[in-house]
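Enquirer: This is the structure I want to talk about, given as structure tokens.
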Amino acid sequence: MAPEVVLLRGFAVATAEYAAAVDLVAAAAPFRQLQTPGGRPMSAAMTNCGALGWHSDARGYRYEPCDPLSGLPWPAMPSIFLDLAQRAAAEAGYRDFLPDACLINRYAGKAKMGAHRDADERDFSQPIVSVTLGAAATFLWYGKLRSGSAVKIRLEPSDVLVWGGSARRGYHAVGQAEGAATGAVRINLTFRKAG
Ligand code: MD3
Ligand code: FE
């Protein structure tokens, strides 16, 4: 895709522990379907852990220190998440990645994510680390332009991607979870330095 993308196949091995940590986060900050600023529901369900959480509503896309559903701070980032994100970033050459936000996306049924780029963070020199759990899905990489042909790669459970450099600003999308028609669910964690 780009020289600044590092794909670590099978890197997130402790899948039962990660799934349990997702469940703990979701018990405190439930998955919810956010609305785009234009008022359309996003098909993936989302929650967050860490000091900041990504949120979208009629007021726009932004990071919030508290869960707007409860008014309480987002659940703390589980130490196994922080450890995973830092080890993955280090493999890609980012020695002092300190994520303050972990967005958790859940894809069930027809849920998918259209082409977009992640631009609500302050420091684009910091990478984003993404982790696939549960089911596989096809990831589409557009790069600099939102249109045109995309490079497709199949993201399998336990795969970790580190996005840095100019790739950090690239357009991307993701398809439905494989097996979603028969109940499979894909969970994606994205670790960010947002603040
Ligand atoms: C490339 N998530 O949360 S992960 C997102 O599968 C997001 O949930 C998708 O795109 C998902 O914003 C794709 C791969 C990914 C995540 C963040 C990126 C690729 C990225 C940020 C910049 C460039
Ligand atoms: Fe994204």
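Enquirer: Do you know which residues across the range 139-160 are within 15 Å of the chain's Cα centre (by Cα) and among the polar types (S, T, N, Q)?
Expert: Ser158
Enquirer: Among the residues of the range 116-138, which ones are more than 14 Å from the chain's Cα centre (by Cα) and either within 13 Å of ligand 2 (Cβ to nearest atom) or not small (Gly, Ala, Ser) (or both)?
Expert: Within the range 116-138, Arg122, Asp123, Phe124, Gln126, Thr138 meet the criteria.
Enquirer: Still on this structure, please answer the following. Applying the selection to the range 126-149, what residues are at pLDDT 95 or above, open to solvent by 30 Å² or more (accessible area, probe 1.4 Å) and not in a strand (DSSP E or B)?
Expert: Gln126
Enquirer: Another question about this same structure. Can you go through Gly109, Gly114 and tell me which one is more than 9 Å from ligand 1 (Cβ to nearest atom), among the small types (Gly, Ala, Ser), open to solvent by 20 Å² or more (accessible area, probe 1.4 Å) and not in a loop (DSSP other than H, G, I, E, B)?
Expert: Just a single option satisfies the conditions, and that option is Gly114.
Enquirer: Given the condition part of a strand (DSSP E or B), more than 13 Å from the chain's Cα centre (by Cα) and under 22 Å from Val25 (Cβ atoms), answer yes or no: does some residue in the range 176-190 qualify?
Expert: yes
Enquirer: What tally of residues in the range 172-191 results from selecting those that are of a type outside the set (Gly, Ala, Ser) and near ligand 1 (Cβ under 8 Å from one of its atoms)?
Expert: Residues that pass the stated criteria total 5.
The values are calculated or read from the model by the stated rules, or taken from the named source; none is laboratory data. The shown structure was predicted, so the numbers you read here are calculated from the model rather than taken from an experiment. Virtual Cβ from ideal backbone geometry, glycine too; neighbours counted across all protein chains shown. Side chains are part of the model used for accessible areas, which takes the heavy atoms of the whole protein and leaves out ligands, DNA and RNA. Shrake-Rupley method; radii C 1.70, N 1.55, O 1.52, S 1.80 Å.
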